[in-house]
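The values are calculated or read from the model by the stated rules, or taken from the named source; none is laboratory data. Fair warning: this is a prediction, and the values are worked out from it, not measured in the lab. Note: ideal-geometry Cβ built from the backbone for every residue, glycine included; neighbour counts use all protein chains shown.
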Amino acid sequence: MTNLLTIAFTAFFIENVLLYQFLGICSFIGVGKKRSSSLGMGLAVVVTIILAGMATWAIYRYVMEPLEIGYMKTIVFILVIAALVQMMETIIKKFSPALYKALGIYLPLITTNCAVLGVAITNITRDYSFAEMLVYSAAIPLGYLFVMYIYAIIREKLELNPVPKAFRGVPIAMILAALLAIIFSRFGGLI
Amino acid sequence: MDFKAVRENFFKGFVKENPLFVTVLGTCPALAITTKVENAVGMGIALFFVLILSNLLVSLVTFRPKLRALVMPVRIPVYIVLIATLVVITEMLMEAFLQPLYVTLGVFIPLIVVNCIIFGRAEAYASDHKPLESMVDGAGMALGYTMAIILISLFREILGAGTITIWAQGNANVVLDLHFIYDFLGIAPIDMFAKPVGAFVTYGLILAVIAAVSNAKAEKAKIAAAGVKK
Amino acid sequence: MKKGLTSGLVLLVLGLIAGLLLGVVNAVTAPIIAQNELREKLTALEVFYPDIKTAYDVTEVVVGENGIESIFVLKAKGTDTIVAAVYGVAQMGYKSEVSMLIAVRANGSVEGYAFIGTGGTEGLGLVLNDIDFGMTDAPVGDETSFDAVAGASVTSGGVLACFEAVAARIAAEGLGV
């Protein structure tokens with residue numbers, strides 16, 4: 001149990017997917033401008049990573065390992081993720097147009113979000129059990145959502161402030177991310 | 001083939017359309033692995049290999065009209081398979097021949113699959129250009145990107161560790177030790193630059209400098225244009 | 001419908017080609033990767049045999065039975081006589097797993113042992129390395145030599161179990177193999 005808690009805390013705060021592992025930075029810069037879009041993208045990523053984590057873990061354990069084709073995991077995982085995202089899009093579109101309106105536009109972007117493939121591969125390289133994999137695959141995207149939301153709040157306020165011309169846009173967003181990274185790096189002292 | 005056009009095509013990846021500094025693509029590895037110059041060089045080599053060949057293959061399967069008609073309806077999965085195959089080959093070759101570097105770069109080698117630069121070039125360039133032109137485009141973009149991450153890693157390694165590790169794999173050990181500068185100044189290297197914080201700060205500052213320069217250039221052009229009008 | 005079929009066919013053919021290509025490259029690189037891994041493991045065994053890379057022919061046998069993960073068989077360079085064998089073994093101790101290397105000479109006595117880790121608890125492996133369990137030079141299955149009271153009573157059960165597993169293996173299969 002403590003083991004699972006450690007994995008969850010480490011994944012959420014210390015090894016935060018955006019501020020420490022640098023996965024999904026493209027979406028961080030692009031979508032993290034507004035609260036509403038960061039929330040939508042964040043939730044879509046949470047659902048996708050949990051589902052993709054389970055699917056890729058099961059395929060690796062029960063199909064690829066017995067066949068001894070573990071070296072093909074990158075290509076198999078990316079195809080699984082692409083198919084999964086496509087499926088999610090179709091299902092959500094059919095059953096909940098409202099949800100599709102909220103999350104739909106972010107779904108195609110998720111296939112190329114490195115956080116999804118990154119978590120799937122980390123689950124395997126760290127040799128996680130099913131429970132560990134599930135905790136890790138939930139804590140990582142929740143950490144993503146959390147940081148992205150805070151980031152969006154600050155950036156919305158920042159819009160109203162006089163930023164030096166050269167720093168407008170991505171540069172100031174990076175400096176802001178650096179400040180957040182300093183804060184999050186301090187969580188390491190807790191374990 | 002027009003030599004000048006080829007040259008222009010090759011060099012546009014360096015400055016005008018630099019993937020990292022102008023179009024802001026491929027940021028994840030640029031921030032994550034730039035703690036040492038050597039890592040940036042290794043990542044550059046891997047990306048160079050994948051991007052040239054992926055551009056070539058994408059161009060080959062979309063160049064002939066008959067094949068193009070077959071591929072176009074399913075082009076996204078086709079591109080994914082092509083790119084992923086190349087990445088897995090790179091992964092295996094690196095694990096066999098550059099094992100320590102493979103360990104340091106870790107998950108960022110397989111993540112080349114989802115690097116926006118590769119997919120972007122396939123979609124925006126290689127899918128409607130000739131094979132050779134596509135390869136030149138890939139080479140230019142990959143070298144431009146490599147240059148950019150080497151620049152970031154230079155700042156981070158010099159400031160963060162006080163060294164420049166150009167290549168230290170196997171028997172080669174090309175490391176410049178700059179600690180004498182720090183000794184002379186009586187300070188220690190700034191640890192922060194080796195940490196994630198340093199990645200964001202360095203990248204942000206470089207982008208700001210580039211923005212400042214291009215702003216100044218635009219201003220100058222504007223004044224010049226106005227002067228001509230008068 | 002026909003369109004979907006051709007598209008599927010295109011993907012299938014492409015997938016097959018890609019799979020085949022990867023298989024070929026893997027066939028080339030896999031032995032080199034395995035060799036790299038073996039060399040890394042040999043570096044760990046230098047604790048017992050400092051000249052292991054030059055003076056011995058080493059083969060690794062993967063077992064995966066009764067906690068014995070793998071056996072490194074050492075033969076004097078160019079000969080066929082087994083000089084010694086190093087057992088990589090893991091057993092449950094109190095709460096966590098103890099994994100260690102045990103080097104056994106041809107006559108069945110212990111050359112030395114080292115701890116690789118104790119399941120998850122970082123640092124404990126290092127503590128264990130400081131404790132003398134009294135097994136060096138004793139026959140590997142000799143429980144009377146085993147000094148269980150030496151401090152870490154919580155894990156010494158696991159350590160003893162490791163020695164017992166190796167002894168049982170040697171009794172059943174002989175040294176090495």
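For the residues A:L134, A:L160, A:L145, the requirement of being more than 9 Å from chain B (Cβ to nearest Cβ) and without any contact (Cβ under 8 Å) to a residue 40 or more places away in the chain singles out A:L160. The set of residues from the range C:27-48 being closer than 21 Å to C:A90 by Cα and either in contact (Cβ under 8 Å) with a residue 40 or more places away in the chain or touching a helix residue (DSSP H, G or I) at 6+ places or on another chain (Cβ under 7 Å) (or both) comprises C:L42, C:A44, C:L45, C:E46, C:V47, C:F48. Taken as a whole, the condition of being over 25 Å from C:T59 (Cβ atoms), in contact with a strand residue (DSSP E or B) (Cβ under 9 Å, 6 or more places away or on another chain), among the hydrophobic types (A, V, I, L, M, F, W, C) and modelled with pLDDT of 75 or more applies to C:A138. What number of residues within the range B:30-39 are more than 9 Å from the chain's Cα centre (by Cα) and in a helix (DSSP H, G or I)? Total meeting the criteria: 5.
Take the conditions closer than 25 Å to A:M148 by Cα and in contact (Cβ under 8 Å) with a residue 24 or more places away in the chain and apply them to A:L51. Does it pass? First the steps, then the outcome.
Details: closer than 25 Å to A:M148 by Cα: yes; in contact (Cβ under 8 Å) with a residue 24 or more places away in the chain: yes.
So A:L51 passes the test.
With (1) within 14 Å of another protein chain (Cβ to nearest Cβ); (2) more than 26 Å from A:E68 (Cβ to Cβ); (3) at pLDDT below 80 as the list, and C:E40 as the residue in question, which single condition is left unmet? Result: C:E40 fails condition (2) only. Filtered by the rule that a residue be among the charged types (D, E, K, R) and either outside any helix (DSSP H, G or I) or more than 7 Å from chain A (Cβ to nearest Cβ) (or both), the range B:80-112 gives a lone residue, B:E95. Among residues of the range B:209-222 that are of a type in the set (V, I, T), those with a beta-carbon under 8 Å from a residue that is in a helix (DSSP H, G or I) at least six positions away or on a different chain give the pairs B:V209/A:A166. Residues in the range B:167-178: is at least one assigned to a helix (DSSP H, G or I) and more than 9 Å from chain A (Cβ to nearest Cβ)? Within the range B:167-178, none of the residues are assigned to a helix (DSSP H, G or I) and more than 9 Å from chain A (Cβ to nearest Cβ). Taking the listed residues B:P29, B:P110, the one that is closer than 30 Å to A:F167 by Cβ and of a type outside the set (D, E, K, R) is B:P29, with no other qualifying. Residues of the range A:62-98 that are surrounded by 14 or more Cβ atoms within 10 Å (Cβ to Cβ), away from chain B (no Cβ under 14 Å) and of a type outside the set (K, R): A:M88, A:I92. With the structure loaded, tell me whether B:A216 is at pLDDT 90 or above, surrounded by 14 or more Cβ atoms within 10 Å (Cβ to Cβ) and among the small types (G, A, S) or whether it fails that test. For B:A216, the condition - at pLDDT 90 or above, surrounded by 14 or more Cβ atoms within 10 Å (Cβ to Cβ) and among the small types (G, A, S) - is not met.
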